[in-house]
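*Asks:* This is the structure I want to talk about, given as structure tokens.
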Amino acid sequence: MSLRLRVILLITLVLASSLTLCALLVGYQVRQELAAELRAAMAGARQTASGTFEDLPRSDHSLRDLRQLVHAFDGNRHVRMAVVDRQGQALLTSRPSGEAPPPAWFGRLVEVEAAAVVLPIPDAPGQGLAPGLRLVLTPTPQSDARSAWNEAFTMLKVIAGVALIGGVLIWLAVGAGLRPLVLLGEQFAKVGQGDYAAAVPEAGPPELRLLQRGFNAMTGQLAATMRRNRQLGDQIVRLQEEERAEIARDLHDEIGPRLFAVGLDAALLAQLCEAGKPAEAIRHAQEIQQAVVHMQGQVRDLLGWLRPARLTEFGLAAAIKDLVAFWAGRRGDIAFALDLPETALDESTAEVAYRVVQEALSNAMRHARPAGIAITLTHEAPDRLTVRIENDGVPQAAPDASRSGGLGLLGMRERVEAHGGQLAYGREAAAAVWLVRAQLPCQIHAVPAANGQEQA
């Protein structure tokens, strides 16, 4: 059942209940008025009869006076008058009003109980009246009820007409009032199908405008989120291609030549063994062993770059120390300062924090010539981790997210924001350092140990 029909039915129920209550009250009021009218009519009839009875013994034609008395009540809506003899047979009777009785249910609703009144007619000897006659006054509430019914029926027709017109107006008004909700429902269906550009005009009463404003704000946020997700997806694809290209370069530059050299040494080793030159064969075997050890180290470094095992096994601090050791072994001219609390973070936060440090170090090595790099992890709030990477180098070129290597500044920002955090970077003139700062929401699973500072 539609909301409009429910509202109409509810209003109809309220109106019907009100009309029923009003009808009962009107019926009660009509009954009281009918009872009062009948009492007044019966009193008036008795008084009229009493006046006639006083003059009856002195009248020269008492039968004519009685007939005039009875016919005076012809058409009376309240009282019917009759002259009866001792056997109860009616000799004279007034004619009723002739009005049809009201509907039975209405008659029962306004029914008034009233008893007939019997008055003895004085004897008038020699006036042609038989002795023992009686005058019977019978109340006739049916005629009054009919009159009340006519008035009530007229009123009911007026009320029905007004109710019909009011119902049509209410139907139209409710439809107009619910039209914005219908439009909202259609737009919600579009949102469910992935159309986040849906919007509704902000019109109507304040309550609906508030709902419409909230809907438009929601679709705007969803559309912005979808755009960010598409941008992040494109960035992820580019980053994957860049990382694959970097891995390919490392394999080509480091592993390829070593494998080629191992192949040559192995071929020479076989020839030297056939020629009976064991000393030279042993030397080539040692060179093969050294090349294999070197390639194992290269593969281990590459795997650590892709997915540091210590991040999941020993925590964020240990993974960052391994990363710093990797760069310290290649850039011995850089002093690293670490302030890393031993805190058990949730895995997703630790992953994001590690990638921020990894990209910041990579950018520092590629785009600056730092003499010192400081990495700090702090908890400015129990549920918020702050990652700071400072280097004192001078950038060789203006930082550009679209040209940065590795994850890139844009990829770093997207990763941090996707986690619900905030990223800021730039030069701090007061400290003369380039600062990368990420604030990340986190969950701490253990109380951090005492903070210690290391120099590498």
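The values are calculated or read from the model by the stated rules, or taken from the named source; none is laboratory data. Keep in mind the model is a prediction, meaning the values are calculated, not measured. Note that we place each Cβ from the backbone using ideal geometry, even for glycine, and neighbour counts take in every protein chain shown. The protein model used for the area step is the full one, side chains on, heavy atoms only, and it has no ligands, DNA or RNA in it. Shrake-Rupley method; radii C 1.70, N 1.55, O 1.52, S 1.80 Å.
*Asks:* Residues that are at pLDDT 90 or above and assigned to a loop (DSSP other than H, G, I, E, B): does region 413-436 have at least one?
*Replies:* Within region 413-436 (the criterion being at pLDDT 90 or above and assigned to a loop (DSSP other than H, G, I, E, B)), the answer is yes, since at least one residue qualifies.
*Asks:* Out of region 364-379, which residues are over 16 Å from Pro441 (Cβ atoms) and either within 46 Å of the chain's Cα centre (by Cα) or of a type in the set (Lys, Arg) (or both)? Show your work before the answer.
*Replies:* Our first condition is that a residue be over 16 Å from Pro441 (Cβ atoms); within region 364-379, this holds for 364-376.
Residues satisfying the conditions are Arg366, Arg369, Ile375, Thr376.
For (1) surrounded by 15 or more Cβ atoms within 10 Å (Cβ to Cβ); (2) not in a loop (DSSP other than H, G, I, E, B), each residue gets a yes or a no:
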{"residue": "Ala198", "(1), (2)": "yes, no"}
{"residue": "Glu202", "(1), (2)": "no, no"}
{"residue": "Leu208", "(1), (2)": "yes, yes"}
{"residue": "Leu211", "(1), (2)": "yes, yes"}
{"residue": "Leu232", "(1), (2)": "yes, yes"}
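*Asks:* Another question, then. Is it fair to say Leu338 is out of contact with any Pro (no Cβ under 8 Å at 6 or more places or on another chain), of a type outside the set (Ser, Thr, Tyr) and over 13 Å from Gln443 (Cα atoms)?
*Replies:* Details: out of contact with any Pro (no Cβ under 8 Å at 6 or more places or on another chain): yes; of a type outside the set (Ser, Thr, Tyr): yes; over 13 Å from Gln443 (Cα atoms): yes.
Answer is yes for this residue.
*Asks:* If Leu109 satisfies every condition in (1) open to solvent by less than 30 Å² (accessible area, probe 1.4 Å); (2) within 57 Å of the chain's Cα centre (by Cα) but one, which is the exception?
*Replies:* The one condition Leu109 does not meet is (1).
*Asks:* When the residues of region 164-196 are narrowed to those that are under 22 Å from Val7 (Cβ atoms), surrounded by 14 or more Cβ atoms within 10 Å (Cβ to Cβ) and β-branched (Val, Ile, Thr), which ends up modelled with the highest pLDDT?
*Replies:* Top of the filtered list is Ile170.
*Asks:* Suppose the filter is within 25 Å of Arg146 (Cα to Cα) and out of contact with any Phe, Trp or Tyr (no Cβ under 7 Å at 6 or more places or on another chain); does Phe106 pass it?
*Replies:* no
*Asks:* Specify the residue that is nearest to Ala360 (Cα to Cα); the eligible residues are those in region 298-316 that are in a helix (DSSP H, G or I) and at pLDDT 75 or above.
*Replies:* Among those that are in a helix (DSSP H, G or I) and at pLDDT 75 or above, it is Leu316.
*Asks:* Looking at region 68-83, which of its residues are open to solvent by 30 Å² or more (accessible area, probe 1.4 Å) and among the small types (Gly, Ala, Ser)? Working first, answer last.
*Replies:* The initial filter retains those residues of region 68-83 that are open to solvent by 30 Å² or more (accessible area, probe 1.4 Å), namely 68, 71-72, 74-78, 80.
Those that are open to solvent by 30 Å² or more (accessible area, probe 1.4 Å) and among the small types (Gly, Ala, Ser): Ala72, Gly75.
*Asks:* Modelled with pLDDT under 80, in contact with a His (Cβ under 8 Å, 6 or more places away or on another chain) and either surrounded by fewer than 18 Cβ atoms within 10 Å (Cβ to Cβ) or in a helix (DSSP H, G or I) (or both), is that true of Ala401? Let's see the steps before the verdict.
*Replies:* Details: modelled with pLDDT under 80: yes; in contact with a His (Cβ under 8 Å, 6 or more places away or on another chain): no; either surrounded by fewer than 18 Cβ atoms within 10 Å (Cβ to Cβ) or in a helix (DSSP H, G or I) (or both): yes.
Criteria not met by Ala401.
*Asks:* Filter region 331-359 for residues that are aliphatic (A, V, I, L, M) and touching a helix residue (DSSP H, G or I) at 6+ places or on another chain (Cβ under 8 Å) and give the result.
*Replies:* Matches in region 331-359: Ile334, Leu338, Leu340, Leu345, Ala350, Val352, Ala353, Val356, Val357.
*Asks:* Taking the condition at negative phi, open to solvent by less than 90 Å² (accessible area, probe 1.4 Å) and in contact with a Pro (Cβ under 7 Å, 6 or more places away or on another chain), does Met42 pass? Break it down stepwise before answering.
*Replies:* Numbers: at negative phi: yes; open to solvent by less than 90 Å² (accessible area, probe 1.4 Å): yes; in contact with a Pro (Cβ under 7 Å, 6 or more places away or on another chain): yes.
Yes: the conditions hold for Met42.
*Asks:* Return a yes/no flag: does region 380-390 have any residue that is assigned to a loop (DSSP other than H, G, I, E, B), open to solvent by less than 50 Å² (accessible area, probe 1.4 Å), among the aliphatic types (A, V, I, L, M) and modelled with pLDDT of 85 or more.
*Replies:* In the first step, residues of region 380-390 are kept if they are assigned to a loop (DSSP other than H, G, I, E, B); the result is 382-383.
Keeping just the survivors that are open to solvent by less than 50 Å² (accessible area, probe 1.4 Å) gives none.
Scanning region 380-390 turns up no residue that is assigned to a loop (DSSP other than H, G, I, E, B), open to solvent by less than 50 Å² (accessible area, probe 1.4 Å), among the aliphatic types (A, V, I, L, M) and modelled with pLDDT of 85 or more.
Results for (1) open to solvent by 30 Å² or more (accessible area, probe 1.4 Å); (2) more than 60 Å from the chain's Cα centre (by Cα); (3) of a type in the set (D, E, K, R); (4) closer than 26 Å to Arg108 by Cβ, shown as yes or no for each residue.
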site: Leu9; (1), (2), (3), (4): yes, no, no, no
site: Ala16; (1), (2), (3), (4): yes, no, no, yes
site: Gly27; (1), (2), (3), (4): no, no, no, yes
site: Leu38; (1), (2), (3), (4): no, yes, no, yes
site: Gln47; (1), (2), (3), (4): yes, yes, no, no
site: Asp55; (1), (2), (3), (4): yes, yes, yes, no
site: Leu66; (1), (2), (3), (4): no, yes, no, no
site: Leu91; (1), (2), (3), (4): yes, yes, no, no
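*Asks:* If you check Glu287, Glu351, Glu342, Glu359, which single one turns out to be at pLDDT below 90, farther than 23 Å from Leu239 by Cα and within 50 Å of the chain's Cα centre (by Cα)? Lay out the reasoning, then the answer.
*Replies:* Numbers: Glu287 fails: within 50 Å of the chain's Cα centre (by Cα); Glu351 fails: farther than 23 Å from Leu239 by Cα; Glu359 fails: farther than 23 Å from Leu239 by Cα.
One residue alone meets the criteria, Glu342.
*Asks:* Hey, which of the helices (runs of 4 or more DSSP H) in region 1-114, taking only ones fully inside, have at least 1 residues that are closer than 14 Å to Thr140 by Cα and at pLDDT below 80?
*Replies:* Details: elements: 3-55, 62-71, 104-109.
Result: 3-55, 104-109.
*Asks:* Phe215 - would you say it is assigned to a helix (DSSP H, G or I), modelled with pLDDT of 80 or more and open to solvent by 80 Å² or more (accessible area, probe 1.4 Å)? Lay out the reasoning, then the answer.
*Replies:* Working: assigned to a helix (DSSP H, G or I): yes; modelled with pLDDT of 80 or more: yes; open to solvent by 80 Å² or more (accessible area, probe 1.4 Å): no.
No: the conditions fail for Phe215.
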